[in-house]
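The values are calculated or read from the model by the stated rules, or taken from the named source; none is laboratory data. Here the structure is a predicted model, which means the values were calculated and not measured. Please note: Cβ atoms are built from the backbone with ideal geometry, for glycine as well, and neighbour counts cover all protein chains shown.
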Amino acid sequence: MKPFVRSALLAVGMSVSAFTFAMGMAQAATPKDTLVMAFVIDDIISLDPADIYEFSSSEYMANTYDRLVMINPQKTSELKFAAAESYTVSDDGKTYDFKIRPGIKFHSGNDMTAEDAAFSLIRFVKINGNPAFIMNQFGLTKDNADKMIRVKDPMTLEIELDAAYDQRFYAPMGDQVQKRVASISNAVRARLGEPLRRSYGPSESEKLDVYRARKPDAPIFLFVHGGSWLGGSARNNAYPPKCSSMPERILSRSISSTSSRLEATYA
């Protein structure tokens, strides 16, 4: 057999094998106890918890490390204790004492103490990575972290800020904005009618407002609140934009290449 023919047959055989293998993979059923999630994860630049600030690596961190406190997923206007079992605030509003929950163990078998929490937070500030500004804005810097983050006793972590902070410090026009949003929401209901309230979970916050279209096969507009929406009611946050016309289709694509994304957007 001539070398060219032999090479061609070999190439065809490899292609058929690869196609058969790929088809076998495509037809494989996902086990019932397995959740498959597809993501573009090329934004990951570090898995160091003191340097993580990208979406994909943040999800990894949330599933790998414990926080002192976290947002309660069942009632997002409240905090839920995690590595801490309680905390107190000083009268001047500047010093926070966190009681570490007993019984937490590292994979080594060592018990977690306030010293471990202090080490992690001090390191977070001192290496001055991407998310360091989160602590910097409360007066914690690489120059004073050792003094401001302290071990009060083996199970008590103490953190001192440079001032007493309140959410209104960052959103001084918050009340006016909420009144305006509620007014716009009333206008939306006047235009579209009252929505249907549909549950997707057990709690009151796990419900969707469904505004019915006036004609069949109308485009669907999905309005998703961001993570900052921790209080108030959905009724006062119903303000989708008013469009003079809607497209027939809305396409959502996952494209990792920046140049390809621009081409797809402006094509």
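Just a few scattered comments:
- Any hit, region 147-161, residues being farther than 23 Å from residue 128 by Cα and assigned to a helix (DSSP H, G or I): no
- If the condition is being closer than 23 Å to residue 166 by Cβ and of a type in the set (Phe, Trp, Tyr), then region 91-123 contributes 96, 98.
- Single residue of region 61-77 satisfying the filter (among the polar types (S, T, N, Q) and assigned to a loop (DSSP other than H, G, I, E, B)) that is nearest to residue 200 (Cα to Cα): 74
- Test: residue in region 184-194 that is surrounded by 11 or more Cβ atoms within 10 Å (Cβ to Cβ), more than 16 Å from residue 236 (Cα to Cα) and of a type outside the set (A, V, I, L, M): no
- Being in contact (Cβ under 8 Å) with a residue 40 or more places away in the chain and assigned by TED's automatic domain parsing to the domain that holds residue 162 holds for only one residue in 82, 117, and it is 117.
- Sub-8 Å Cβ pairs linking a first residue in region 146-167 that is at pLDDT below 95 to a second residue that is basic (Lys, Arg) and in a strand (DSSP E or B), at least 6 apart or interchain, number zero.
- Condition check for residue 80: assigned to a strand (DSSP E or B), surrounded by 15 or more Cβ atoms within 10 Å (Cβ to Cβ) and not acidic (Asp, Glu): no
- For region 132-146, the set of residues classified as exposed (fewer than 15 other Cβ atoms within 10 Å of the Cβ) and assigned to a helix (DSSP H, G or I) consists of 133, 134, 136, 146, listed by residue number.
- Selection status of residue 90, modelled with pLDDT under 75, among the small types (Gly, Ala, Ser) and either under 30 Å from residue 155 (Cα atoms) or surrounded by 10 or more Cβ atoms within 10 Å (Cβ to Cβ) (or both): no
- Here residue 33 fulfils each of the conditions (1) assigned to a loop (DSSP other than H, G, I, E, B); (2) of a type in the set (Asp, Glu); (3) without any contact (Cβ under 8 Å) to a residue 60 or more places away in the chain; (4) surrounded by 11 or more Cβ atoms within 10 Å (Cβ to Cβ) apart from (4).
- Which numbered condition residue 68 misses (of (1) of a type outside the set (D, E, K, R); (2) loosely packed, with under 15 Cβ neighbours inside 10 Å; (3) in contact with a strand residue (DSSP E or B) (Cβ under 9 Å, 6 or more places away or on another chain); (4) under 18 Å from residue 134 (Cα atoms)): (2)
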